[in-house]
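**Q** Have a look at the structure that comes next, please.
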Amino acid sequence: MPALLSPANSNHHTVVIVGAGAAGIATASSLISRDPSLDVALIDPAEVHYYQPGWTMVGGGVFTAPSTARTMASTIPRGVRWIKARVQGFDPHGQQVILDDGRAIGYQQLVVCPGLKLDWAAIEGLSETLGRNGVTSNYRYDLAPYTWELVQKLKQGRALFCQPPMPIKCAGAPQKALYLSCDHWLRHGRLGAVKASFFNAGAVLFGVPDYVPALMKYIEKYAVDLNFAHRLVAVDGANKRATFVRTMADGSSETRTEAFDMLHVVPPQVAPDFIRESPLADAAGWVDVDPYTLRHRQFANVHALGDVANTSNAKTAAATRKQAPVVANNVLVALGRLPTLARYDGYGSCPLTVERGKIVLAEFCYGGKLAPSFPSWLLDGRKPTRLAWLLKAQVLPPLYWQGMLKGREWLARPQPLVAEGGQ
């Protein structure tokens, strides 16, 4: 079990990791698996660790919410010290992390991976109506079951699904909610009486063009009213009205208000406040790292990964699964304990649940280059397959809990950095 930091414990560690989500736990485990003698501390105030990729399945009635949660203490690797506190800021010149209780934790190497901030307050009226009045989101543990409740109860009316401007975590999740909901209504003879609309702030259905044809077939199958360049700005839950700003081709904009019976919201997403206000951030507020080594561009003993990094990859757990071994390797290189830097290629994956029992498995790396894990004769990710569904529903959860979080790097061994790899 991890040891809690008490006042008598050391306030300096060889490696300090900020954030004990998927990225933090996986990196800690990868470090310890390479060097069990390493002095590693994890800073995170949370009591519960969530398998967030499962929340789409909760909202579709496939998983239960409790199956996606475990105690934080049970996920932290043996030998890693858990500092149960909030981070207030960083002093990278003094090599310290400042906690909100005033303590300063020193480090030789710092790994930053606190995830991102869901900015619910950025949409007027949303916070007051979440979880009632037909307003829900699979982006919150407590709301994903409400999504499934609404889907089952809705017999007729309008169901609106929204996607905010990028970057967001799991860019396919907003439309996953759409597809699983429509599939349920279709199977129960309600699609038609229930009219689904998708309001996307972006200009395309999915950022990697190879997967769009398969997704468009489902948009047509479910008769979805597809709207691009629409950003949700306000929700009137009591009167069931959603207000969007539509951006025109010439840069002008107009306001549009739509009635709804069900509204699935994905909030805008930003870096956490203590990151945006720190010396580690770029102009947009994300941690500024080299996209291949994941080392900070200014502070050589700082690395970052996961949703908080300013890399251009998709912000998914699959990306983190590939990033964590790279960071672990490169931290040990910086400490003089390994000889060769490793390279992250931008891999990300998005299992798009287009219907119950079938998934379009999008896998790609930097530049939108396809990066399939399986030969096309076995699993062609550009087509909806039952095998990809079984992977999502049955293989990936245990791979997460027993593989990735335990430092077992199945299909995630880091590759050595080559000369053209961003150095």
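The values are calculated or read from the model by the stated rules, or taken from the named source; none is laboratory data. Please read all numbers here as calculations on a predicted model, not as lab measurements. For neighbour counting, all protein chains shown are included, and Cβ atoms are generated from backbone atoms with ideal geometry for every residue, glycine included. We work out accessible area using only protein heavy atoms, side chains counted, and drop any ligands, DNA or RNA first. Shrake-Rupley method; radii C 1.70, N 1.55, O 1.52, S 1.80 Å.
**Q** Would it be correct to say that residue 384 is touching a strand residue (DSSP E or B) at 6+ places or on another chain (Cβ under 9 Å), open to solvent by less than 20 Å² (accessible area, probe 1.4 Å) and at pLDDT 95 or above?
**A** So residue 384 does not fit the description; no.
**Q** Kindly provide the set of residues from segment 110-147 that are in a strand (DSSP E or B), open to solvent by less than 10 Å² (accessible area, probe 1.4 Å) and either within 14 Å of residue 59 (Cβ to Cβ) or out of contact with any His (no Cβ under 6 Å at 6 or more places or on another chain) (or both), ordered by number.
**A** First, the residues of segment 110-147 that are in a strand (DSSP E or B): 110-112, 117-118, 124, 135-136.
Retained after the next criterion (residues that are open to solvent by less than 10 Å² (accessible area, probe 1.4 Å)): 110-112, 135-136.
Those that are in a strand (DSSP E or B), open to solvent by less than 10 Å² (accessible area, probe 1.4 Å) and either within 14 Å of residue 59 (Cβ to Cβ) or out of contact with any His (no Cβ under 6 Å at 6 or more places or on another chain) (or both): 110, 112, 135, 136.
**Q** For segment 342-354, does any single residue satisfy the condition of being in contact (Cβ under 8 Å) with a residue 60 or more places away in the chain and open to solvent by 60 Å² or more (accessible area, probe 1.4 Å)?
**A** Within segment 342-354, one or more residues are in contact (Cβ under 8 Å) with a residue 60 or more places away in the chain and open to solvent by 60 Å² or more (accessible area, probe 1.4 Å).
**Q** Residues being assigned to a loop (DSSP other than H, G, I, E, B) and small (Gly, Ala, Ser): count how many of those fall in segment 348-367.
**A** Within segment 348-367, residues that are assigned to a loop (DSSP other than H, G, I, E, B) and small (Gly, Ala, Ser) number 1.
**Q** Every residue in segment 361-390 that is among the aliphatic types (A, V, I, L, M) and in contact with a Ser or Thr (Cβ under 8 Å, 6 or more places away or on another chain), please.
**A** First, the residues of segment 361-390 that are among the aliphatic types (A, V, I, L, M): 361-362, 370-371, 378-379, 387-388, 390.
361, 362, 379, listed by residue number.
**Q** Please name all residue pairs, on different chains or six or more residues apart, with Cβ atoms under 9 Å, provided the first residue is in segment 57-85 and is farther than 13 Å from residue 141 by Cα and the second residue is part of a loop (DSSP other than H, G, I, E, B) and of a type in the set (Ser, Thr, Tyr).
**A** 79/37; 81/10
**Q** What strands (runs of 3 or more DSSP E) completely inside segment 29-91 contain at least 1 residues that are in contact with an Asp or Glu (Cβ under 7 Å, 6 or more places away or on another chain) and either open to solvent by less than 20 Å² (accessible area, probe 1.4 Å) or of a type outside the set (Val, Ile, Thr) (or both)?
**A** Numbers: elements: 40-43, 48-50, 69-71, 81-83, 87-91.
It comes to 87-91.
**Q** Applying the selection to segment 248-298, what residues are in contact (Cβ under 8 Å) with a residue 12 or more places away in the chain, hydroxyl-bearing (Ser, Thr, Tyr) and more than 19 Å from residue 320 (Cβ to Cβ)? Steps first, please.
**A** Of all residues in segment 248-298, those in contact (Cβ under 8 Å) with a residue 12 or more places away in the chain come to 248, 255-275, 277-280, 282, 284-296, 298.
Keeping just the survivors that are hydroxyl-bearing (Ser, Thr, Tyr) gives 255, 257, 278, 292-293.
Selection gives 255, 257, 278.
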